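Notes to accompany the following structure.
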């Protein structure tokens, strides 16, 4: 059983952080049924909140992705299941009190179906951006091996004499 001395409360975390800005990464999934314009508005709202409360370090704009597992959320009309979402992320530097405001706003935004907020570093964020850009360049140049093999098989079968 935990004693009161070992329990971490939000006030303790904010107090321990002091007045030093820290670097955070907020990754979030937006409702996949939102129209494209609404996705842009939802992302822009988070972006403006972050830049108003702290300094932007890096970002990844929303991209529609297939989720690795179904996310369920209870809503007033019942339970909703999500198999895809628009994923976006923002790395920012902020004071602990401003960070708490950003998290509260993300939690209140019903267009965000799930989010994660992590403590990180500027170097890690820059590395993530570099790796993402490299991955995008590599995937553009790399052909799908199964598609190539299928095309080769189709071409070979056309010349088969039975």
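Annotations for the structure displayed:
- Scope the stretch 93-102; condition part of a helix (DSSP H, G or I) and in contact (Cβ under 8 Å) with a residue 60 or more places away in the chain; matching residues: 96, 97, 99, 100, 102
- Of all residue pairs spaced 6 or more apart or on separate chains, those with beta-carbon atoms under 9 Å, a first member in the stretch 71-88 that is on the phi < 0 side of the Ramachandran plot and in a strand (DSSP E or B) and a second member that is at pLDDT below 90 and exposed (fewer than 10 other Cβ atoms within 10 Å of the Cβ) are 80/74.
- Being surrounded by 12 or more Cβ atoms within 10 Å (Cβ to Cβ), under 18 Å from residue 94 (Cβ atoms) and at pLDDT below 95 is a description that does not apply to residue 20.
- Residue identified as at pLDDT 90 or above and not in a strand (DSSP E or B) among 2, 58, 68, 42: 42
The values are calculated or read from the model by the stated rules, or taken from the named source; none is laboratory data. Bear in mind that the values here come from a model prediction, so they are computed numbers and not experimental data. In this analysis, Cβ positions are derived from the backbone assuming ideal geometry, glycine residues included, and neighbour counts consider all displayed protein chains.
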